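Everything on this sheet refers to the single structure shown next.
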């Protein structure tokens, strides 16, 4: 980056730091306007269930409550960054409680997510808190079994409908990698809390409240959550670099998307579509992201992803280092055929 350009970037980047300051009023208001509707939806669901109403009448309320669980997860996410409240204790306590509701252990997820932020778009530091992404050359050199499982993993049905429940319901019940005693204790608290909520629901209205209401509710939230995470870093052209060329600023601005959603969905998802800003300044709480975006022209990207255009990301599977873009299996097959005509990519 040229010196003048570097100075200009440093100038507007410094200006964005003020948005990192948490607001207790905004934080409490966000808790209120999220938890009250969420609990009200649960109250309606319980009333309809006790009244013997058909499941199809209850289902719309489950779906809407699932959307509010996404918003709860965004608050949880801010707590792991220590950005939602000024108090570290308040972030830890609220994050742990929301972790119970969202099936996600606060301390363990905070550790993995910090690694994700430190290594986003770094080809030499993949594997923690990200979507499994191979380069074109790695895919070419991989064994047939690795290529097979990679294609299975990248299948939208698997990635968005099977991976989320496996991740949230099973894998997150156990520690990931090396852990400290505090991390393990927090994991146990989360697991016990999940069990207590399930037992309470069982006593309130029977176990069908667990497997017909709570689990489907969070299943929906987890599917949408994984989709949001996917399009935040898997888009055309994208940005990936080897460690020696990797730049944090470029990883944020070029390797993290601006997912421009309709206002209702932007509200539900806690402004997380402004993901380039989030990676540029991870300590900006979600309720300040829109303010930062509006006040900083340099963050107003010319070609954001829209709800409609984002689905093209489903056809992107491999990073082409030579051409610096994500490509699909079909394009990969064509490019590799020119390099190695006899290579089978099936």
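The values are calculated or read from the model by the stated rules, or taken from the named source; none is laboratory data. Computed from a prediction, not measured in an experiment: that's the story for all the values here. All Cβ positions, glycine included, derive from the backbone under ideal geometry; neighbour counts span all protein chains shown.
Every residue in segment 113-136 that is part of a loop (DSSP other than H, G, I, E, B), surrounded by 17 or more Cβ atoms within 10 Å (Cβ to Cβ) and more than 19 Å from the chain's Cα centre (by Cα), please. Result: 123, single match.
Taken residue by residue, segment 88-103 has no member that is closer than 29 Å to residue 254 by Cβ, in a helix (DSSP H, G or I) and free of Cβ contacts under 8 Å to residues at least 40 places away in the same chain.
Only residues that are touching a residue at least 40 places away in the same chain (Cβ under 8 Å) and assigned to a helix (DSSP H, G or I) were counted across segment 268-294, and they come to 11.
Taken over segment 6-41, the criterion of being at pLDDT 95 or above, closer than 19 Å to residue 300 by Cα and out of contact with any helix residue (DSSP H, G or I) (no Cβ under 9 Å at 6 or more places or on another chain) is satisfied by 17 alone. The residues of segment 243-267 that are surrounded by fewer than 21 Cβ atoms within 10 Å (Cβ to Cβ) and assigned to a helix (DSSP H, G or I), listed by number, are 248, 249, 250, 253, 263, 264, 265, 266, 267.
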